[in-house]
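Shown next, in structure tokens, is the structure this report addresses.
Every read-out reported here was derived from the displayed coordinates using simple, explicitly stated rules and does not represent laboratory data. All values derive from a computational prediction rather than experimental measurement. Neighbour counts are summed over all protein chains in view; Cβ atoms, including those assigned to glycine, are modelled from backbone coordinates with ideal geometry.
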Amino acid sequence: MSPELLAQVAVNALMLSSMYILVALGFALLLSVMRILNFAHAVIYMVGGYICYQLAVVYGINQWLSLVLTALIVGSFGLFLERYCFRPFFGDMNRIIVMTLAIIIILESAVNAAVGSYVRAIPSFAPGVIRSGGVSLSVERLVTLIIGTALTLMLIFFIQKTKIGQQMLAISQDSIGAALQGINIYRVSAIATVIACALAAVAGSLMGAILHIHPFIGDYMLVKAIVIVILAGIGSIGGVLGAGLILGTIDASLPLVLSGSATDAVGFGIVILILLFRPQGLFGHEA
Amino acid sequence: MNLKSKLIKPTGLASLVILLFLLPLFVKQPYYIHIFIVTMLYIIVVSSLRTIALSGQVSVGHAAFMGIGGYFSGVVAKELGLTPWLTIPLGGLAAMLIAVLIGYPFTRVRAIYFSMVSLFGGIVIVDIIRVAQKWTGAAGLAGIPPLSPINIPGLINITFLGQKVPYYYFTLALTLVCLLILYRVEHCRVGMTWKAIAQSHLVASSVGINEAWFRVLALAVGCFFAGIAGACYAHYNLVLAPTTFGFLPSIFLVMYMLVGGRDSFAGPIIGTAILLIVPELFRWLKEFAPLILGAIMVIVVFLMPQGIAGLFDQIKAKYGQVRNRKVPENAA
Amino acid sequence: MLLETNGLTKYFGGLAAVSHLDIYVNQGEIVGLIGPNGAGKTTAFNLITGVLRPTRGEIIFDGKEITGKKPHLIAKMGIGRTFQLASLFADFTVLENVVASFYLYPKSGFWEAMFNTSTYRKKEGYILNQAREILHLVGLDKVKDELAKNLPHGYQKVLGVARALAVKPRLLLLDEPIAGMTREEISFALGAFEKMRLQGMTILLVEHNMEIMSLCDRIIVLNFGHKIAEGLPGEVRQNEDVVQAYFGSEHAA
């Protein structure tokens with residue numbers, strides 16, 4: 001394998017991992033703080049991409065500004081989600097699942113009906129190529145990688161160092177105990193939802209520039225997020241990083257030798273093996 | 001319960017069944033018969049999903065097992081020339097076998113994690129089907145033989161090829177039999193044991209219930225019927241596409257069950273029927289049609305905590321409250 | 001000896017919840033396992049019933065080793081238990097709770113169950129009768145059709161015992177059976193336990209409440225996972241270490 005190919009695969013792996021991690025972290029956050037299997041995360045990712053497209057292409061707003069605006073807009077949508085779609089049904093798994101599925105259906109078909117299902121691309125955020133040591137790498141992917149990593153680090157810092165982040169950890173371990181200690185679960189859940197949605201939206205926009213956007217790109221991402229959370233293990237937000245890296249690397253390298261479907265099959269085999277020996281996931285605690 | 005209320009349910013059911021048997025006399029358009037056939041097959045699948053859910057395991061990959069049954073039966077019938085009457089039960093068994101094999105490690109996983117893992121499992125099964133292109137075809141499986149004709153000389157001669165009505169009756173009979181079996185299983189000891197495990201696995205094991213064994217059993221039973229339905233679908237549709245059994249269809253199955261009502265046996269039946277038939281009525285909306293689906297779901301989520309099937313109980317409870325308030329005036 | 005543990009130890013991470021526990025219970029005894037919160041009593045129960053695997057040590061029941069066996073197999077061997085919390089099938093009625101717990105007896109075949117044959121119905125009827133008898137024994141027959149989750153706390157605990165009895169255990173492990181009960185419920189419960197003892201039941205129970213001591217033949221006191229005292233209720237009550245443990249822990253709280 002030529003050094004250039006190796007470098008490109010490495011960058012791809014890291015970039016893909018960082019995007020997966022952004023989405024998976026949000027998903028894991030909602031799962032551990034609110035015990036919600038948020039299928040709707042798929043459409044949040046997709047909607048983020050579309051809003052960025054709208055702002056940057058249709059309204060001609062500066063791309064980086066569009067990115068920030070997208071995060072803000074979708075983040076506030078997260079507030080609406082938590083308040084009116086999740087909070088009324090806290091604890092009732094069945095209804096929440098139906099609710100998130102309803103959201104997927106409504107948003108996917110609304111977008112599909114409104115703007116059509118053909119594939120578009122968001123214009124590149126950082127066009128061009130870097131050449132160094134005889135190896136050329138896409139600036140776009142490098143920048144995405146950097147943004148993804150930065151956001152991930154910020155989130156980790158937020159969880160470990162800020163009061164609200166600590167509250168989130170507390171709730172994820174024992175929600176009743178946390179409430180008894182005076183933690184406002186609703187407020188923390190709202191913040192968690194906002195963060196998760198904003199991150200997913202950013203990922204959708206960045207990936208929309210590298211790949212494309214269409215109404216159903218979210219489905220693919222949702223699966224990745226779920227696989228990562230399974231691999232990471234019960235209650236482990238840190239494990240998401242490791243699992244995300246593993247999956248990103250697999251998805252960046254295996255397609256060079258196997259077809260897409262076979263890659264998934266290999267991944268499945270790995271997950272089954274892992275679960276056989278460690279039912280609680282790679283980094284989880286005993287069930 | 002007085003005699004009158006005891007008779008209402010069975011009479012209602014009997015009338016419904018009779019109506020269904022007589023349906024082809026009134027409804028002639030093949031398209032509508034088709035809708036009924038497909039709906040009935042999905043009713044079997046969603047009911048079997050609920051059977052698995054009785055044990056506390058909500059599988060979000062169930063459509064894949066429908067696919068295993070369909071592809072197995074279709075391929076074997078097509079390549080080996082066996083009659084579908086034989087390959088359909090084989091399809092069910094194939095689905096059951098796979099469920100047991102990959103199900104065992106998943107039975108150690110708790111509730112929500114089981115759902116996530118089953119979702120992943122469903123996707124991978126379909127991927128494997130796609131990868132096995134040599135048998136399953138690049139974009140799908142075509143050329144599946146229809147149900148072979150039933151020919152008892154002097155008595156009956158039924159051809160299935162090109163006809164919808166024979167398929168309708170076959171599916172109706174099959175659905176009734178499958179639902180009957182699922183109902184019996186749920187209401188005997190096994191069903192009670194499943195429900196016990198779902199409520200508290202700790203207490204269940206403390207009375208000697210082997211949790212893992214029963215969870216695998218639930219998977220086996222549920223996936224068997226999904227496989228059968230899938231196989232019948234294959235020999236009805238004569239073509240299969242992998243997307244029919246993927247991630248989104250699996251999620252829809254869960255949705256049909258939840259919207260109909262997870263707590264009652266009729267739930268999946270009602271949910272599937274409404275969510276499959278109502279959007280058909282709105283077909284003229286084209287790409288806006290799914291929004292109707294979404295709207296129904298939102299209404300159900302906000303107004304009916306036990307799903308549509310629970311609506312009757314909800315009304316009864318509310319009506320009962322109103323009635324009781326009047327009683328004190330008449331009480332001695 | 002019906003039940004015996006040797007050097008039973010369980011570590012959670014670096015913390016020893018139970019440490020070198022040697023206890024024994026003889027047939028027909030009622031033995032109390034007492035200690036302040038966190039002493040390791042419920043952990044010991046979970047180890048004996050197979051819910052947790054010990055880090056070290058062995059557990060012997062009726063001459064056979066049961067260390068690390070799965071909970072349902074241990075139930076089959078004749079150990080029944082109640083739980084501190086969540087002792088029931090919440091959405092089942094009281095009667096259904098006990099009927100469901102008759103899992104081990106007598107089993108109908110698959111086909112008999114499917115076709116609702118008379119054999120099946122007879123066996124189910126037999127189970128139903130036995131369930132009703134147990135409910136009568138513990139005094140819950142009046143509420144047999146109530147949903148378990150709607151019962152008052154004390155009744156729920158009694159239901160837990162009824163459920164454990166369905167296993168026809170030789171050894172009954174009761175985890176805080178009278179915690180949260182009212183005065184009358186307690187005296188009723190104590191009477192029921194005495195009745196069971198007269199019928200030859202062996203009981204190992206965990207309690208906070210010192211009152212239960214009067215019922216026990218022998219008391220074992222735990223603190224921080226160790227056994228710190230053992231003997232007749234009278235002796236233990238006056239043991240200095242025991243008083244320290246309780247007195248001391250009261251201050252800590």
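Apply the a/c threshold of 1.5 to the C-alpha gyration tensor of the protein assembly as shown and tell me whether it is rounded, prolate or oblate. Please list the in-between numbers first.
Details: a/c = 1.86, a/b = 1.26, b/c = 1.47.
Taking the square roots of the gyration eigenvalues as a ≥ b ≥ c, the protein assembly as shown is oblate.
Can you sort C:T67, C:T202, C:T49 from fewest to most other Cβ atoms within 10 Å of each residue's own Cβ?
With the fewest neighbours first, C:T67, C:T202, C:T49 line up as C:T67, C:T202, C:T49.
Would you please give the FRET efficiency between C:K76 and A:T149, computed as 1/(1 + (r/R0)^6) with r the Cβ-Cβ distance and R0 = 56 Å, to the nearest 0.05?
0.55
Which residue, A:L247, A:L151, A:L22, tops the fluctuation ranking in a GNM of chain A built on C-alpha contacts under 10 Å?
A:L151
Could you tell me whether chain A comes out rounded, prolate or oblate from its Cα gyration tensor? Rule is a ≥ b ≥ c as square roots of the eigenvalues, rounded for a/c under 1.5, then prolate if a/b exceeds b/c, otherwise oblate.
oblate
What are the semi-axes of the equivalent ellipsoid of chain B, taken as the square roots of 5 times the eigenvalues of the Cα gyration tensor, listed largest first and rounded to whole Å?
On the way: eigenvalues 232, 142, 81 Å².
So the equivalent ellipsoid measures 34, 27, 20 Å along its semi-axes.
Between A:L180 and A:Q166, what is the spin-label point distance in nm, taking each point 7 Å from the Cα along the Cα→C-beta axis?
2.0 nm
Taking only Cα atoms, what is the 0 to 90° angle, nearest 10, from helix C:240-252's long axis to the longest principal axis of chain C?
So the helix axis and the longest Cα principal axis differ by about 80 degrees.
State the extension gain, in nm to one decimal, for the chain segment bounded by A:S2 and A:Y220, taking 0.36 nm per residue of separation less the distance between their alpha-carbons.
75.4 nm
For the pair B:H187 and B:R110, how long in nm is the line joining their label points, each one 7 Å along Cα→Cβ?
3.4 nm
Return one number: the angle in degrees, 0 to 90 and rounded to the nearest 10, between the long axis of the Cα atoms of helix B:165-187 and the longest principal axis of the Cα atoms of chain B.
Relative to chain B, helix B:165-187 is tipped by roughly 50 degrees.
Near the amide H of C:L222, under 5 Å away, which other amide H atoms are found, from residues 5 or more places off or on another chain, if H is placed in the peptide plane?
So C:L222 has HN proximity to C:I34, C:G35, C:I228.
Between region A:148-168 and region C:116-167, how far is it from one alpha carbon centroid to the other, in angstrom?
Region A:148-168 and region C:116-167 have Cα centres separated by 52 Å.
As I understand it, the value is the acute angle between the Cα axis of helix C:183-198 and the longest principal axis of the Cα atoms of chain C; what does it come to in degrees, rounded to 10?
80 degrees
Could you run the Debye sum over the Cα atoms of region B:201-266, one equal point scatterer each and no solvent, and tell me log10 of I(q)/I(0) at q = 0.15 Å⁻¹, two decimals?
Listed by q, the Debye log ratios stand at -0.72.
Need the C-alpha centroid separation for region A:62-76 versus region B:72-146, integer Å.
So the separation of the two Cα centres works out to 43 Å.
Return the average number of partner chain Cβ atoms within 10 angstrom of each residue Cβ along peptide B:187-197.
5
Between C:D62 and A:A126, what FRET efficiency follows from the Cβ-Cβ distance if R0 is 56 Å, with the result rounded to 0.05?
FRET efficiency, C:D62 to A:A126: 0.15.
Rank these for me by crowding, B:H201, C:H153, going from fewest to most other beta carbons within 10 Å.
In order of increasing Cβ crowding within 10 Å: C:H153, B:H201.
Quick one: what are the phi-derived ³J(HN,Hα) couplings along region A:177-191, Karplus 6.51/-1.76/1.60 with θ = phi - 60°, whole Hz, x for glycine and proline?
These are the phi-based 3J(HN,Hα) values: x, 4, 4, 5, 7, x, 6, 7, 4, 5, 5, 5, 4, 4, 5 Hz.
Using r as the Cβ-Cβ distance of A:V58 and B:L285, and R0 as 35 Å, what FRET efficiency do you calculate, to the nearest 0.05?
The computed FRET efficiency comes out at 0.85.
Charges only on Cβ, +1 for Lys and Arg, -1 for Asp and Glu: so what's the dipole of the protein assembly as shown about the Cα centre, in debye to the nearest 20?
1660 debye
Given the Cα-Cα distance of B:T159 and B:E79 and 0.36 nm per residue of separation, how much length would full extension add, in nm?
Stretched out fully, the B:T159 to B:E79 stretch lengthens by 26.7 nm.
How do C:D62, A:D219 line up, fewest other C-beta atoms within 10 Å first?
Result, fewest neighbours first: C:D62, A:D219.
Which of B:T272, B:T159, B:T87 moves most in a GNM of chain B, Cα contacts under 10 Å?
B:T159
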